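One structure is given below, encoded as structure tokens.
The values are calculated or read from the model by the stated rules, or taken from the named source; none is laboratory data. Computed from a predicted model, the values in this text were never measured in an experiment. Cβ placement follows ideal geometry from the backbone for every residue including glycine, while neighbour counts extend to all protein chains displayed.
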Amino acid sequence: MNDIQITPELILFCGLAGIAALASLGVVLFQNAVRSALCLVLNFFVLAILYFTLNAQMLGITQIVVYTGAIMVLFLFVIMLLNLGSARLLEEKWDIKKPLGAVFGIALATLIGSQMLPGFLSRTHVNPLSDYGTPQALGRTIFTEYAVPFECISVLLLVGIVGSILLAKRKI
Amino acid sequence: MDVAKWFLGLADFWQALIRAIIWVLFIFAPVPIFIWWERRLLSWMQDRIGPNRVGNITWSTRSKYVPGFLKGKKWKLFGLAQPVADGIKSFTKEDLAPSTSDKFVYFLAPALAVFPAFAIGAVIPWSAWRSLTPVANVDIGVLYILAISSLGVYGVVLAGYASNNKYSLMGGLRASAQLISYELSMGMSLGAIALGSGSLRPTDMLAAQEQPLYGVIPFLQNWYAFTPFGFVAMVVFFICMVAETNRAPFDLPEAESELVAGYNTEYSTKKWVMFMMGEYVNMFIFGSVIMTVFLGGYNLLPVNWDYLAHQNWPGAGICEFIARLQYWLGFGVFFIKGFAVITAYIWVRATLPRLRYDQLMSFGWRWLLPLATCNLIVVALWLVSTKLAGDKSNSGVIGIALGWAAVVIAMLVLYVIYRQIRKNQAGDGKLEPRQVTLVDPNAASTQGAG
């Protein structure tokens, strides 16, 4: 652990990861629903930048387009329209679910951590391939190796769209 | 080229920082001129005079501090100092904030409105110096533009929410619906060009536009605005661009006759200036996107000066000179073209009345999106058919001719259909179907008295 060199990449990563961690804390700790949603937006955005630093450009930009640009706008939209009122009304009373949830959460974190951390601890710097996340590489992979799953997913999305139209518009 | 070599020798971080600073200054500096130009041009189009006084100097005839040749002289600045005066006024006014607003979000919103405007510019090449521009020549260029422009909605929506004002909130909600709707058509229109040029990089798109026109006329450039599919995509993109920047006729988020001032009603002084600045920078940036993708970027005319300079004819020397000039003054050309796009914005604003909300939605979803999608499919078919046709010398020209014929025929058919619809509606006396029952004025007056 002592031979970690302070490189610009490391500083960048620490800054971004710190912001992401703080933002995700803010999501659960803020009393105001709009501020929580904003923290989630920030978290998604910083996550996208982390993807960029790993040369996964396409993944990062999809993250921004889909989550930050579309889904979170919808979240905010709903929160504003619902007008939740004061946060005290939303506070739950003591419940067996709370400690149970905490136990399960810690268990899950331990499980994932025990699998992931040993591989990461010895790493001192990232070494991403230069072109594995470009749209060209991704498109080639999707339309050759994974063409069938890709088409299946697109059919699934189409069903989802048709279903939502059917729900929204009873009389066609 | 020693300067370029020195520059490329710097660390990546410093290179990026220098590029970003130059580019931000470049798009930031003309904003006051845009504001002045909009006010003057609008007033000219509306038969007014507009701001023409601020900055006029009349030198004293008596003061001993004025040199002799200036005494009694009048300097006219045509109101160019008006934006400066407005800026000073805005920054020295009392800063009011509604007491019941969500303070943090209220202050965050103007910053969020400005951020995407500046960030979009990072992938746009604004001159021929590849070492200096664009700030980041990334593989995902056009997708980046779409992604960052989709963040623009946050500033408006949060401003509407945080103001704690019903009109502001309505403006913000309208803005979010409008921006999300028109983003799709925008993505589709840019997608057509991405298919056509085979790359998402703006620099590659520019390089594709510097090829011979239609593949056969070597001294002209193949700007995408000259190809049939590119022309359709450009029209769609221009409409979406006006909608994305919340400009008239798509300025529903700040419709002053319905919503006081929309999402920025509760904002004053510096924060209001931030919104305005974001809007103008956004206009210029989207203008630079349309220039780069459709209109040949920093090339003033669609002429390949380099090709002409290497031909054996008397004008070769002049052409070489112009090519050099084009290389060194690319940024100036870029600015002039940006100014032209801003002028188009202002012209549209002066010409068209604001859309009604249902018109806005039906136009975006039922006309623009199908048109852009059809265009995308046509480009894909085009690519397949050119591949099947192989390397026959004039297949490209025939394709272009057929494409233009198709566009013209489609426009004619649409026009005939439109005329017929208008005629039918006029015959029925139902030009504007509405569900409003007008109150009898006599009954209203008696009720009011009672």
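Observations on the model:
- From the options B:Ala309, B:Ala340, B:Ala372, B:Ala323, residue that is of a type in the set (A, V, I, L, M, F, W, C) and surrounded by fewer than 14 Cβ atoms within 10 Å (Cβ to Cβ): B:Ala340
- Filter pass, B:Ala340 being part of a helix (DSSP H, G or I), at pLDDT 85 or above and of a type in the set (A, V, I, L, M): yes
- Members of segment A:30-51 that are modelled with pLDDT under 85 and more than 8 Å from chain B (Cβ to nearest Cβ): A:Phe30, A:Gln31, A:Ala33
- The residues of segment A:66-87 that are out of contact with any Leu (no Cβ under 9 Å at 6 or more places or on another chain) and either part of a loop (DSSP other than H, G, I, E, B) or among the basic types (Lys, Arg) (or both), listed by number, are A:Asn83, A:Gly85, A:Ser86.
- In segment B:267-301, the residue that is farthest from B:Tyr106 (Cα to Cα) out of those that are among the aromatic types (Phe, Trp, Tyr) and in a helix (DSSP H, G or I) is B:Phe294.
- Residue ID - farthest from the chain's Cα centre (by Cα), chosen from residues in segment B:188-201 that are surrounded by 24 or more Cβ atoms within 10 Å (Cβ to Cβ) and within 14 Å of chain A (Cβ to nearest Cβ): B:Leu200
- Top-ranked residue in segment B:102-136 [being within 12 Å of chain A (Cβ to nearest Cβ) and outside any helix (DSSP H, G or I); ranked as nearest to B:Lys271 (Cα to Cα)]: B:Asp102
- Residues of segment B:168-186 classified as surrounded by fewer than 24 Cβ atoms within 10 Å (Cβ to Cβ) and within 9 Å of chain A (Cβ to nearest Cβ), total: 6
- When segment B:139-153 is filtered for residues that are at the interface with chain A (Cβ under 7 Å from one of its Cβ atoms) and assigned to a helix (DSSP H, G or I), the ones remaining, listed by number, are B:Leu143, B:Tyr144, B:Leu146, B:Ala147, B:Val153.
- Residue tally, condition surrounded by 14 or more Cβ atoms within 10 Å (Cβ to Cβ) and not in a helix (DSSP H, G or I), over segment B:1-50: 2
- Residue in segment B:82-92 that is closer than 23 Å to B:Leu252 by Cα and more than 10 Å from chain A (Cβ to nearest Cβ) present: no
- Flag for B:Ile346 being at pLDDT 85 or above and surrounded by fewer than 14 Cβ atoms within 10 Å (Cβ to Cβ): no
- Helices (runs of 4 or more DSSP H) wholly inside segment A:1-65 containing at least 2 residues that are without any contact (Cβ under 8 Å) to a residue 12 or more places away in the chain and not acidic (Asp, Glu): A:8-29, A:33-53
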